[in-house]
Structure formats: structure tokens, C-alpha cells
Amino acid sequence: MVATLRRSRPVTLDIQLLAIQPHNNLVIQRKGKLLNPHLPIWNNKNVCTTPVAVAFDIGNDRKPQLEVQLAVGGNVGQGVLEIFAANSILLFRGLFNRSQTVMATAVYTPEVLSQLQDDMLYLQLTMDDGTQVPLGTIPVEMYWMNIAELPDAVHRNGIPVELLQALCSAVTLASYFPSEAAYMYPVQAIVQSLFNNQGPRLDVYSGAARFVTVNNFNNITLHYQAWRAAQAVGGAVASSFDIAAVLQYLLCSYGYRTYYCLLARTGYLSLTNLLGRGLSNNPLYAATDMPVVSPAATGRTAWSNHSFVYIPAYGVVADAAVGPHMGYEMMGDYLTQLLDQAYYKQAALPEPGEHTVEQYTGVTSTDTISSVHTLPHFTHTAAFIQENDFSFKSFCVLATKAIAGKWPEPETIPYLRGAWNTFYTELVPGAEEVMQLWMLRRDDALITVKLYVVSGNNELAYNRFVAQAALSQTEKPAMKADTPGMGHFSAHSAVEGENRYIWVYHNAVLELTSSDTDLDLNLIASWYFAWASNNLAEEVTYCLPSTDVTCNGNGDFPGKEFVVTLDTSESTLLHFTQTGKGVRLTGRDARRLEFEITAGFQASLQLLIINKDTLLVNTAHLKPSGL
């Protein structure tokens with residue numbers, strides 16, 4: 001039974017609302033800035049009309065709570081503090097015993113991801129004698145979500161408020177709580193939000209990865225904020241690798257268990273809608289500008305592979321790259337709709353089916369990367385190496401040094417200066433390599449610069465080069481050796497109309513992509529290569545940032561806090577990865593991390609110390625119980 005607000009004549013008592021602080025709430029971030037989960041969501045000293053964001057996890061046993069601070073004067077009785085939604089539904093309740101602090105616990109919570117209706121809470125005291133004391137109405141941007149299906153590394157640095165807003169916007173009225181809105185199928189709504197809204201269009205060139213770093217398909221880093229930033233640029237494109245990763249991230253954030261699927265030997269498509277493109281049975285049509293061709297046309301393009309999402313609880317497929325497929329089809333039905341089966345029968349070719357679908361973990365992080373220790377088994381990995389003579393042994397003989405200078409910003413290069421503007425940057429750290437991402441625009445044209453700098457063995461740079469260049473949806477390798485090339489190895493796009501270049505040199509991989517086909521990426525690549533050649537060090541070990549850190553606080557007991565501070569120059573950044581549970585991040589800036597013990601210690605932290613100029617990284621290990 002749902003409690004509602006009782007309307008009666010209020011009585012004035014000497015009780016005032018001072019502040020409200022959430023408990024058992026999630027760590028969230030807005031525009032990349034962590035929001036301290038212990039700060040009040042409202043206080044009378046800083047009253048503003050803009051709601052403060054807070055999110056609660058509905059997937060665990062700890063109920064959401066709001067600690068309400070009151071100023072109590074005179075002789076008042078006891079009673080109950082009640083907190084209502086704007087539509088008079090009771091959400092939180094706590095006993096008032098003349099204390100200035102009341103802990104109100106949730107009595108009514110949603111079962112799925114939701115947002116507080118109208119972003120307003122109404123507070124009221126009901127005294128034992130029936131007297132009602134209104135305490136006021138406060139604005140708050142409140143969310144409930146289930147993070148059980150999100151990998152730990154995805155949410156440790158804070159769940160983006162923008163993600164919560166996108167999900168609630170996708171499911172529209174069904175996400176408002178509490179409400180009597182008509183039921184909506186969340187999978188359909190989320191798929192449609194990607195397929196129908198403005199954003200990167202499907203890549204009809206090579207289907208290369210644009211917004212993911214695929215270390216392997218069980219370990220994908222999704223650059224979600226870069227995806228969001230690119231939505232405003234008309235020239236942005238994305239492959240099914242990217243779109244499936246974004247869709248998986250959204251569905252897992254909603255609470256669905258998912259698999260990231262790869263359809264090997266995809267082949268020819270039936271006539272279907274492509275994201276942002278319209279109808280096509282010729283998905284890589286950029287060179288001919290013919291999205292629809294005769295099924296038997298010479299030069300008709302096929303995909304070598306394709307990514308989508310599988311939801312095992314319902315046994316259904318979700319795909320926002322083509323279709324769209326909105327979670328109503330079983331795997332076999334989905335493949336029947338997707339593939340041009342008549343053509344396979346006519347041509348007597350083996351038909352792809354469920355036996356060619358590979359299921360993977362998919363997205364494991366949105367703000368860290370893992371190095372590629374073993375070459376991934378992508379469709380074209382072996383062919384890319386063999387056809388271009390990119391010998392691993394030759395690389396190891398050549399790549400014995402390290403690039404250790406301050407990497408220049410792309411817009412400062414003479415060829416780009418004044419003509420292109422950087423509108424998005426992101427540094428993505430890892431324990432052995434760091435990625436720096438820049439996106440530049442000129443009107444609706446886009447340049448994406450990805451720079452991977454390895455601090456471990458230079459063999460990792462070779463593996464990263466191959467992983468970035470070999471992954472595509474084309475039937476043959478989409479990149480071919482550049483002659484004469486730059487670095488130890490370099491390659492440019494083999495696909496007509498695609499402007500893409502990549503090189504590897506010692507411990508660095510530079511990848512350039514532009515929607516402007518008139519832009520000469522060779523000039524940018526050669527400028528960076530010349531710079532790198534003049535900034536070589538004999539040994540990377542001597543160039544790594546210092547690991548001098550100071551740890552203060554108590555890491556032994558739940559509720560205790562400790563702080564890690566970096567004792568080095570302003571050119572360094574402090575990040576972390578975590579093994580185990582029991583610790584959560586509560587605050588951060590460039591060289592400071594604040595943690596809270598949430599359970600009997602089980603966690604160990606790996607501190608990542610990054611030089612933001614050289615992009616070199618060093619590590620230190622910390623066990624909170626040892627503080």
C-alpha cells in the first residue's frame with residue numbers, strides 16, 4: 001500500500017529545515033567532475049533553484065536514506081518526519097524525538113531505473129498529537145538505478161549524470177517515479193533513443209572502431225563522453241563495434257545482463273535501415289554512393305563481422321546499428337531478418353547462423369584501458385600483418401627507445417593552427433599505457449587523434465598498432481602499408497574515400513581519422529613523427545614519473561576515510577584501479593584521491609601516476625588496511 005500526504009491545517013512550531021544529506025547513495029559525476037557523495041543535496045545557507053543530483057542503488061540491501069538536519073527550539077513533542085514526492089506519495093520516513101538530526105529511510109522505491117518526478121521533495125513533521133508541521137519543498141535531481149550488471153571498473157570513478165539523463169529521457173514517462181505512466185518496454189525505448197536521435201551515423205567506409213578501444217572483445221573500453229561530444233558534429237561516424245558498446249552500456253546501466261556479440265562471417269545484408277543512413281543492402285557503399293544494389297551486383301559489399309547485444313534473460317537481441325532490432329527477436333529470427341539468405345542459397349555459399357555468433361563480456365571500462373599483451377584474434381589480424389610485412393621480430397629490433405617529450409596539441413600544428421578547433425579531449429590511463437584523445441572540428445568536419453603511449457615493454461606498442469589497424473568490418477584488411485612510411489610501421493586506409501592513417505614508433509602509436517577527405521593526414525602524421533624523432537630517450541625507466549605519494553587516514557574500519565596525495569609536480573595526474581570491494585572513491589582532483597572504507601577491507605588499490613605531458617605512467621600499490 002502506498003502512503004500519501006494527508007492534507008490538514010498546519011500548526012506553526014519553532015522547527016526549521018537546515019540541511020539534507022544522502023546516505024547509501026552512489027558516487028556520481030557531472031561533466032567529468034566527481035560529486036562528493038557526502039555533501040548535502042540541500043542546505044539553507046546555499047539555497048538555489050538548480051537541483052543537486054543524487055543517485056541510489058536499488059540492487060543491494062542498503063536502503064536509501066536522507067539525514068535531515070533541523071533547528072529545534074522550545075518545547076516540542078515527538079513525531080514522524082515524512083518526505084513526499086510532488087504528487088504526495090510518501091518516499092522517506094524517520095522518527096523525530098526532539099533531536100536536531102532525523103534519519104529518514106526509504107519506504108517506497110522503484111524496481112527499475114527511475115528519476116524523481118518533477119525534481120521536488122516536500123518535507124513534513126507529523127507530531128504524535130496529530131499536529132502537522134510543514135518544513136518546505138526542496139529541489140533535488142534524484143535517481144534510482146541497479147548497478148548489479150555494471151562491471152565494477154565502470155562505476156568506480158562515478159556514474160555520469162549525463163548517462164542517467166539519457167536513459168530517463170529514452171524511457172520518457174515510464175522512468176518518472178512515482179507515477180502512473182503507461183508501461184514502456186525499456187529495451188525498445190533505449191534502442192530507439194540511439195537509432196532515432198541525432199548522433200554519429202553508421203560508418204559506410206570500413207567499419208573501424210571510433211569510440212571504443214578494443215583490447216579484446218572481453219575487455220572493451222568505451223569512450224562514452226567522446227561519443228556524446230561527437231553527437232554535435234555532422235561528420236561523425238561510428239561502426240557497429242561502437243554502437244553495440246554504447247547500447248550494452250545503456251542496457252547494463254538500466255539493469256539488464258547482456259553479452260556483447262560478434263557475428264563472424266556476417267556476409268550480405270537484407271534490405272534494412274542503417275543508423276542515420278536509410279535503407280541499404282550494401283553497407284560499405286561509400287566508394288560507389290549506392291546504398292541499394294541488385295542482390296547479384298558486382299562489387300556489392302558485405303560485412304566480415306558485425307556486433308550487437310544479446311539479453312539472456314529474455315533470449316532476445318538488441319541492435320541499434322541496423323534495423324533497428326528492439327529486443328523482440330530471438331537469435332535465429334534476428335539473423336533471418338538481418339541476412340540476405342536468398343543470396344546465400346542462390347550462390348551456394350555457407351550461410352551464417354547461430355553457430356557463428358560469438359558471445360563476449362564486452363564493455364569493462366569507460367575511463368581506463370588495458371594493454372594488449374596477446375594479439376587479438378580479429379578477422380584480419382593475420383592478413384594485415386602478413387600482407388604488409390609488419391614483422392614482430394623486425395619491430396623488436398628497431399623499437400629499443402622511448403619517446404619522452406611533451407606531446408604537442410594537434411591544433412598547434414602549423415597545418416591545423418587557426419583552421420581547426422579542439423572541442424573535446426580525454427586522457428584515458430592504464431597501468432602500462434596511456435591514451436590521449438583529441439577531437440577537432442571545422443564546421444561539420446571532424447578530426448580524431450588517438451595517441452597511445454606505452455610505458456611497459458615496447459612490444460605492447462606493436463600489439464596496439466595491429467589491434468587498432470586490423471579491426472574493421474570490411475571483407476579484406478582496411479589498412480595497407482604506407483610506402484615510404486613513417487615510424488617503424490605505418491598504414492593508411494585501403495578503402496576509397498576513407499581518410500585514416502596510423503603509425504607506430506618505439507613506444508607510441510598515433511592514429512588519425514578525418515571526415516574531410518581533402519585533409520592530408522600524412523602531413524599531420526609526418527609532423528608528429530619528426531617531433532617524436534627529436535624527443536627520444538634511451539630507456540623509458542628513467543623517464544617515468546615519481547611514485548612518491550602520501551597516505552593519511554584510517555583504512556581499517558568501515559566508515560573511516562583515507563586520502564592519497566601525489567607529492568610531485570603539477571604535470572602529473574593521479575588515478576587508480578581497484579581489486580576487490582570495500583573501498584569507494586569519494587573525492588578527487590588532479591593529484592589527490594579521497595576514499596571511504598565501506599566494508600571490512602578486501603580491496604587493494606593500484607595507483608596510476610601519469611605525466612600528462614609525456615603520457616608516461618608509473619604505478620604503486622596500496623592496501624588500505626596497512627594505513
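The values are calculated or read from the model by the stated rules, or taken from the named source; none is laboratory data. Keep in mind that this is a model prediction, so the values were computed, not measured. Cβ coordinates were reconstructed from backbone atoms using ideal geometry, including for glycine residues, and neighbour counts include every protein chain displayed. What goes into the accessible areas is simple: the full protein's heavy atoms, side chains included, and nothing from ligands, DNA or RNA. Shrake-Rupley method; radii C 1.70, N 1.55, O 1.52, S 1.80 Å.
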Residues meeting the amide H criterion for Ser270 (H placed from the backbone, H to H distance under 5 Å, 5 or more places apart or on another chain) are Leu339, Asp340
Tell me the accessible surface of Lys63 in square angstrom (1.4 angstrom probe, heavy atoms of protein chains only), to the nearest ten. 120
Please calculate how many Å² of accessible area region 421-476 carries per residue, with a 1.4 Å probe and no DNA, RNA or ligand atoms counted. 28
To the nearest 10 degrees, how steeply does helix 240-254 sit against the main Cα axis of the chain, on a 0 to 90 scale? 10
Calculate the translational D of region 429-520 in whole µm² s⁻¹ from Stokes-Einstein, where the hydrodynamic radius comes from the Kirkwood formula applied to all Cα pairs, the temperature is 10 °C and the viscosity 1.306 mPa s. 115
Quick check: the distance between the Cα centres of region 399-447 and region 250-312, to the nearest angstrom? 31
Amide H neighbours of Thr572 under 5 Å, at least 5 residues apart or on other chains, H built in the peptide plane: list them. Lys612
Return one whole number: the accessible area per residue of region 495-605 in Å², for a 1.4 Å probe. 43
Calculated from the structure, volume of the Cα convex hull per residue in Å³ equals which of (1) 140; (2) 169; (3) 193? (2)
Which value, in Å² rounded to 10, gives the accessible area of Arg257 with a 1.4 Å probe and all protein chains present? 140
Mind ranking 508-514, 432-438 by how tightly packed they are, going by the mean number of other C-beta atoms within 10 angstrom, highest first? 508-514, 432-438
A 28 angstrom limit on the alpha carbon distance is what I want to check against. Which of Lys476/Lys612; Lys450/Lys623; Lys33/Lys406; Lys45/Lys612; Lys33/Lys450; Lys393/Lys476 exceed it? Lys476/Lys612; Lys450/Lys623; Lys45/Lys612
What angle, in degrees between 0 and 90 and rounded to the nearest 10, separates the Cα long axis of helix 459-470 from the longest principal axis of the Cα atoms of the chain? 80
Of 246-256, 52-62, 349-359, ordering from highest average Cβ density within 10 Å down gives 246-256, 52-62, 349-359
Can you tell me, using C-alpha contacts under 8 Å and at least 6 residues apart, the relative contact order of the chain as a whole percent? 10
How high is the relative contact order of region 447-545, in percent, counting Cα pairs under 8 Å that sit 6 or more residues apart? 28
Before I look further, what does region 276-353 give for accessible area per residue, probe 1.4 Å, in whole square angstrom? 42
Counting only protein heavy atoms, what percent of the accessible surface of the chain is carbon or sulfur at a 1.4 Å probe? 48
In degrees, nearest 10, range 0 to 90: what is the angle between the Cα axis of helix 186-196 and the longest Cα principal axis of the chain? 50
HN-Hα J in Hz across region 311-317 - Karplus 6.51, -1.76, 1.60, θ = phi - 60°, x for Gly and Pro: 10, x, 4, 10, x, 10, 10
Backbone HN-Hα couplings from phi across region 578-590 [Karplus 6.51/-1.76/1.60, Hz, Gly and Pro as x]: 9, 10, x, 10, x, 9, 9, 6, 10, x, 6, 9, 4
Low-density loop positions, chymotrypsin sites (Phe, Trp or Tyr not before Pro), region 283-383 - DSSP coil, at most 14 other Cβ in 10 Å: Tyr314
Pull up all non-local amide H partners of Leu91: gap of 5 or more, or a different chain, and H-to-H distance under 5 Å with H placed in the peptide plane. Ile83, Phe84, Ala85
Using the Karplus equation 6.51 cos²θ - 1.76 cosθ + 1.60 (θ = phi - 60°), what ³J(HN,Hα) coupling, rounded to whole Hz, does each residue of region 382-398 give in order, writing x for Gly and Pro? 5, 5, 4, 5, 6, 5, 9, 6, 8, 6, 5, 5, 4, 4, 4, 5, 7
With a Förster distance of 45 angstrom and the Cβ-Cβ distance between Leu271 and Tyr185, calculated FRET efficiency to the nearest 0.05 equals 0.95
